[in-house]
Amino acid sequence: MKTEEKAQRGEPDEPALPKRRGLNEFALKFATVNGTGSASANNLILRSIFRMGVPVSGKNLFPSNIQGLPTWYEIRVSGEGNTSRAAEFDLMVAMNGQTYASDVAAVSPGGYLLYDSSWPLPKLLLRPEINFLGIPLAKLIGEIFSDSRQRILMKNIAYAGAVAALVGIDQEVILELLSERFGSRKSLFDANREALQLGFDYAESHFACPLPFRLETMAGNDGKILIDGNTATAMGCLYAGATVAAWYPITPATSVAEKFRSLCERYRRVEETTANGAREIRNNFLILQAEDELAAIGMVIGASWAGARAFTSTSGPGISLMNEQIGLAYYTEIPAVIVDVQRAGPSTGMPTRVQQADIMACAYASHGDTKHLLLFPADPKECFEMAVLSFDLAERFQTPVMLLSDLDIGMNDWVIPRLEWDDSYRPDRGRVLGPAELEQIEEFFRYDDADAEFVTPRTLPGFSERGAYFTRGSGHDRFGRYTEDAEGYQQVVDRLAAKHRAASAHMPPPVVKRHPGARFAVITVGSCESAVIEAIGYFAARDLQLDYLRVRGFPFSSEISSFIEDHERCFVVEQNRDAQLRSLLILEAGAPAGNLVPILSYGGLPLTAVQVIEGIETAWKDEA
Amino acid sequence: MTSISKPRIPLATLPANEIGLTVRDYEGAMSTLCAGCGHDSVTAALVRSLFELSIPPHRIVKMSGIGCSSKTPTYFASGAHGFNSVHGRMAPIAAGANAANRSSIHIGISGDGDSLSIGAGHLVHAIRRNVRMLYVIENNGVYGLTKGQFSASADVGSTAKHGEANEVAPIDPVQLALSLGATFVARGFSGDKAQLVPILKAALEHRGFALVDVISPCVQFNNHVGSTKSYHYVRDHELKEIEQDFVPPMRETAARLPHGGTIVVTLPDGGRIRFGTLPEEYDPRDRGAALHYAAQAQQRGEIPTGVLFVDEGTRDIHELNSTPDEPLISLPFEALCPGADALARFQDGFQ
Ligand SMILES: Cc1ncc(C[n+]2csc(CCOP(=O)(O)OP(=O)(O)O)c2C)c(N)n1
Ligand code: SF4
Ligand SMILES: [Mg+2]
């Protein structure tokens with residue numbers, strides 16, 4: 001079976017790495033049915049491991065469905081810090097009869113499978129090279145809990161208890177998390193604790209706990225937090241001072257706007273006492289759930305034009321709809337921040353699967369000659385920082401900025417260094433002329449008087465007749481007048497191209513790691529980082545040094561061009577079918593096509609180090 | 001060129017409004033629309049309305065989509081910011097601008113193609129959101145700028161320039177808006193400035209979304225005998241609801257609309273309109289009655305004009321969202337950013 005096909009079904013790829021299973025090095029997988037509350041049990045395990053100081057990641061492989069379809073959750077534990085998606089699994093918690101067969105097959109040799117032995121496992125599924133651990137979960141839970149909904153939920157907590165015993169999760173830590181979660185709701189806490197204990201005790205008394213691979217408390221997570229990218233992005237928008245957000249629900253971007261709302265309600269809601277003594281709520285924000293993405297981007301453009309920091313969050317289909325107005329904002333030079341949490345396309349594609357396949361669509365979004373500013377975060381920390389930066393860039397360069405996150409970063413929990421904030425930060429509002437400045441100049445023309453970075457001053461409506469001008473998406477000259485004149489038109493669009501080039505100096509520099517004398521390198525982007533770093537480590541252990549560059553912004557800086565020039569071959573690792581980053585590097589960084597070797601993953605699951613290693617090895621063989 | 005700057009000839013005799021401006025101060029660039037285009041008359045009525053309401057031009061924000069009608073914001077209030085955006089998307093852009101700065105007076109100019117076809121979804125939702133703005137549809141039953149195709153407001157039986165008849169049912173923006181809960185719904189006729197100016201003034205004073213559908217014949221593509229949006233047809237079928245100055249509700253408490261039509265108004269070009277008289281019990285605060293009235297008039301082939309519905313009691317987009325009285329853009333950054341300490345505390349929940 002092809003790797004891609006297997007990957008799509010949640011199965012592991014062929015192992016290429018030597019088996020690494022041991023203390024603080026292993027991977028767990030939970031096979032459940034969506035809509036049954038397994039997420040909170042899985043999260044409990046992830047958080048417990050995090051609290052024990054062990055580097056960890058959780059990947060939610062969920063269907064585009066509300067209830068009843070198979071869903072998996074993967075946890076990779078790595079004391080060494082390799083937390084990209086695991087390629088093989090040491091303990092499978094198989095709680096979904098529908099997927100038993102593939103779940104049994106997904107356990108790596110010597111690994112374990114935990115199943116509900118309330119019903120016998122079909123003989124057919126038994127594999128001699130793995131260990132089967134049966135717990136009659138449904139039966140045990142049924143003896144304690146009578147409510148059918150509670151039985152379903154508590155069964156999940158019970159398997160979490162069993163896993164805790166099997167991999168050596170500190171019981172105190174897990175109980176502490178439970179009490180934080182349920183706080184004063186004592187009956188809930190008690191029920192959860194009982195279910196947890198039930199699983200824990202059963203595993204302890206029936207199996208050799210802990211298993212050969214297990215956890216040991218370490219200090220790997222000091223100064224770190226466990227957070228998803230969408231929350232971090234929303235936090236960035238809040239801290240950047242965005243007051244208007246407009247959006248239309250779409251997986252996997254929805255939680256950006258929803259988190260932004262809850263953050264605004266927490267930090268931007270002021271209670272006032274009116275003249276007649278009544279208490280009144282004042283919201284220092286306005287969030288518009290638009291009728292569609294066409295409206296959402298329009299609202300952002302209108303609000304930014306009027307002087308607010310405004311953003312929208314969407315995914316690929318929304319970007320497609322926004323195209324015409326992205327061109328409007330580009331040509332009329334209106335700031336607009338667009339968060340694109342990428343998912344697998346084309347069309348509706350696989351809404352709950354990840355890809356980095358909007359790179360080209362965003363770089364040149366809209367008809368006509370357009371080029372945009374793109375930011376590529378690799379984890380939630382960068383989501384936060386780049387969200388703030390995107391507003392500064394959008395206002396400084398008066399143009400759309402697209403923050404290209406993805407489903408893996410946006411919706412999964414990542415261990416990252418704590419977010420930091422400098423209280424001396426003030427927004428870069430760019431060139432905006434107020435009434436006093438307008439008094440100083442003879443006459444204001446919107447697209448005249450460019451600065452060294454080809455930015456012209458703008459004015460905001462509502463302040464002064466001297467600043468009044470007419471914004472039009474139709475052909476205009478540098479005075480802002482309608483034109484169909486070749487020269488007048490070209491002057492403006494040429495300046496736009498120059499402005500785009502000038503912005504490259506303000507984009508976050510690439511992350512670069514060089515080794516003296518390395519002839520080969522890997523170039524990547526966004527959420528590929530951890531898998532690529534792990535693969536580079538694999539080759540380094542075999543005496544092959546690969547240099548590393550991670551692109552963080554577009555337009556590309558000259559550093560990227562010279563890095564490519566400095567290497568005989570660069571493997572470009574990205575998550576799409578058509579090597580979009582590679583194409584953009586060829587088009588915009590002057591990279592010779594022959595020097596850039598594409599390594600692609602586009603099955604929709606987060607990249608594994610094995611895929612990168614195999615990709616590079618195959619490319620090498622092909623070259624030889 | 002769609003705009004030619006107008007020579008400013010000082011006319012000492014022009015009267016000034018409350019803020020010392022003359023009607024010339026509300027004009028814009030010279031129109032480049034076809035001579036006789038209804039849209040130019042709407043522009044003239046807007047100029048008059050803004051002048052009479054003594055609105056400082058810099059407080060005005062002019063928005064439009066694409067079409068002949070959408071070009072007209074260039075032709076009035078040159079002291080105001082204007083935004084000629086893309087086809088059909090004016091409503092959300094205006095909503096965003098209004099969200100950012102509620103102290104501006106937002107005027108959206110659109111066409112029947114812009115609002116009832118490509119932008120119909122946005123019009124519908126702008127009404128629901130109750131974005132405080134004057135939203136004018138310069139309704140000519142055709143796509144003027146793309147040279148005469150039927151629009152969604154073309155009546156069944158109406159013929160296009162080359163004689164083909166429209167067979168599909170039209171969208172009546174008045175009935176649409178009434179059924180969606182619009183808080184101000186009116187219709188005027190570009191050929192009747194005396195009626196249109198008070199309608200526009202009332203709409204500008206409205207504390208919510210004010211829809212004004214203005215029948216505005218296209219002399220190029222839709223002004224022949226077979227067309228229901230022609231000067232000929234409208235003059236013969238207009239049913240007038242109000243006739244004299246609307247009393248802005250914010251200025252006087254007695255905001256009750258006058259009822260009962262008088263009979264004659266002479267059009268600027270000398271034409272005469274046949275009037276219907278409204279029933280005495282017509283109440284512009286009764287949505288159900290307004291809908292019934294509009295539907296019945298349509299069945300009779302008549303075009304009711306005037307302020308058909310007003311509700312000054314509902315909350316606009318800002319009131320619905322409890323935003324502060326001052327514009328969001330005036331909030332200082334310090335009031336928006338929670339700061340380093342709050343970020344540190346926030347992250348304690350992610351350990
Ligand atoms: C996306 C898009 N599609 C088509 C057009 C072409 N177009 C320009 S104006 C127009 C119709 C305008 O009709 P209406 O809004 O009624 O304005 P009028 O010219 O009649 O005043 C069309 C279809 C366009 N500008 N943009
Ligand atoms: S084509 Fe029609 S709508 Fe357009 S300017 Fe001419 S008369 Fe007016
Ligand atoms: Mg039209």
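The values are calculated or read from the model by the stated rules, or taken from the named source; none is laboratory data. These numbers come from a predicted model, not from an experiment. Using ideal geometry, Cβ is built from the backbone for each residue, glycine included, and neighbour counts are taken over all protein chains shown. Side chains included, ligands, DNA and RNA excluded: accessible areas come from the protein's heavy atoms. Shrake-Rupley method; radii C 1.70, N 1.55, O 1.52, S 1.80 Å.
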Between the modelled labels at A:Glu442 and B:Glu302 (7 Å from Cα along Cα→Cβ) the distance in nm is 6.1
Only helices counted: for chain A, with every DSSP H run of 4 or more residues adding -39500 (n - 2.57) and the sum spread over all residues, [θ] at 222 nm is -12000 deg cm²/dmol
Note to self: Kirkwood Rh of the range A:511-623, Cα pairs, one decimal, Å, is 13.9
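If R0 is 56 Å, what FRET efficiency do you get for B:Glu334 and A:Glu80 from their C-beta distance, rounded to 0.05?
Details: r = 44 Å, r/R0 = 0.78.
Working from the Cβ atoms, E equals 0.80.
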Row for the range A:304-374, column shape: gyration tensor on C-alpha, a ≥ b ≥ c, rounded if a/c < 1.5 i.e. under 1.5, prolate if a/b over b/c, else oblate; value prolate
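Taking the Cβ of B:Ile109 as the center, what net charge do the other residues with Cβ under 14 Å away carry, scoring Lys and Arg +1 and Asp and Glu -1? Working shown, then result.
Values: positive: A:Arg472, B:Lys62, B:Lys71, B:Arg89; negative: B:Asp40, B:Asp112, B:Asp114, B:Glu138, B:Asp213.
Neighbourhood net charge equals -1.
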Taking the convex hull of the alpha-carbon atoms of the range A:435-505 and averaging its shadow over every direction gives an area in square nanometres of 5.4
Contact order relative to length for the range A:511-623, counting C-alpha pairs under 8 Å separated by 6 or more residues, stands in percent at 30
Residue span A:Ala275 to A:Asp494: 0.36 nm per residue of separation minus Cα-Cα distance leaves a gain in nm of 73.3 nm
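Give me the inter-chain shielding for A:260-267: mean count of other chain Cβ atoms within 10 Å, whole number please. Before the final figure, lay out each step's value.
Values: counts 0, 0, 0, 2, 1, 0, 3, 7.
Mean shielding by partner chains, rounded to a whole number: 2.
How high is the relative contact order of chain A, given as a whole-number percent (alpha carbon pairs under 8 Å, six or more residues apart)?
Working: 1331 pairs, mean separation 76.3, N = 624.
For chain A, the relative contact order is 12 percent.
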With every protein chain kept in place and a 1.4 Å probe, chain A has an accessible area per residue in Å² of 37
Rounded to a whole number, the mean other protein chain Cβ count within 10 angstrom for residues of A:406-418 is 1
As straight-line cross-link partners of A:Lys139, the qualifying aspartates and glutamates (C-alpha separation under 17 Å, not fewer than 8 residues apart within one chain) are A:Asp116, A:Asp147, A:Glu194, A:Asp201
Of the convex hull drawn through the C-alpha atoms of the range A:25-206, the volume per residue in Å³ is 116
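Between A:Ser117 and A:Ser347, what is 0.36 nm times their sequence separation minus the Cα-Cα distance? Round to one decimal in nm. Please report the intermediate quantities before stating the final value.
Values: separation 230, 0.36 × 230 = 82.80 nm, distance 4.22 nm.
The span from A:Ser117 to A:Ser347 would gain 78.6 nm if fully extended.
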TM-like helix rule applied to chain A (DSSP H, alpha carbon span at least 27 Å on the long axis, mean Kyte-Doolittle at least -0.5) gives A:148-167
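How charged is the neighbourhood of A:Ile287? Take every other residue with its Cβ under 10 Å from the Cβ of A:Ile287, and add Lys/Arg as +1 and Asp/Glu as -1.
Working: positive: A:Arg261; negative: A:Glu258, A:Glu265.
For residues surrounding A:Ile287, the net value is -1.
Once A and B are treated as a pair rather than alone, how much accessible area drops out, both sides summed, in Å² to 100, probe 1.4 Å? Walk me through the numbers on the way to the answer.
Working: alone 25760 and 15880 Å², together 36210 Å².
Buried area between the two chains comes out at roughly 5400 Å².
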Reported to the nearest 10 Å², B:Cys37 has, with a 1.4 Å probe, an accessible area equal to 20
Pseudo-spin-label distance B:Asp283 to A:Asp451, built 7 Å along Cα→Cβ, given in nm, is 6.0
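R0 = 30 Å: FRET efficiency of B:Arg315 with A:Glu265, Cβ-based, nearest 0.05? Please list the in-between numbers first.
Values: r = 19 Å, r/R0 = 0.63.
The pair B:Arg315/A:Glu265 has a calculated efficiency of 0.95.
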For A:Leu605, the accessible surface traced by a 1.4 Å probe with all protein chains present amounts, in square angstrom to the nearest 10, to 10
Placing each pseudo-label 7 Å from Cα in the direction of the beta carbon, B:Arg24 and A:Arg149 end up separated by a distance in nanometres of 7.4
Expressed in angstrom and ordered largest first, the alpha-carbon extents of chain A along the principal axes are 87, 80, 40
Taking alpha-carbon centroids only, the range A:241-306 lies from the range B:102-164 a number of Å equal to 29
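On a 1.4 Å probe surface of the protein chains, which of A:His206, B:His237 comes out largest in accessible area, and what is the full order? Each step should come with its number before you reach the end.
Working: A:His206 105, B:His237 50 Å².
Output order, biggest surface exposure first: A:His206, B:His237.
Could you compute the net charge surrounding A:Ser366? Neighbours are other residues with a C-beta less than 15 Å from the C-beta of A:Ser366; K and R count +1, D and E count -1. Working shown, then result.
Working: positive: A:Lys371, B:Arg89; negative: A:Glu293, A:Glu324, A:Glu333, A:Asp340, A:Asp358, A:Asp369.
After counting each charged neighbour, the total is -4.
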With every protein chain kept in place and a 1.4 Å probe, the residues B:Val168, A:Val337 fall, from largest accessible area down, as B:Val168, A:Val337
With every protein chain in place, the accessible area of A:Lys513 for a 1.4 Å probe, in Å² rounded to the nearest 10, comes to 100
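Ordering A:Glu534, A:Glu437, A:Glu88 by how much accessible area each has at a 1.4 Å probe, largest first, what is the list?
On the way: A:Glu534 15, A:Glu437 90, A:Glu88 40 Å².
If we order A:Glu534, A:Glu437, A:Glu88 from most to least accessible, we get A:Glu437, A:Glu88, A:Glu534.
For the range A:227-417, report the convex hull volume of the alpha-carbon atoms normalised per residue, in Å³, without decimals.
Working: hull volume 21.3 nm³, N = 191.
Taking the convex hull of the Cα positions in the range A:227-417, it is 112 Å³ per residue.
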Expressed as a whole number, the average count of other chain Cβ atoms within 10 Å around the Cβ atoms of A:234-243 is 4
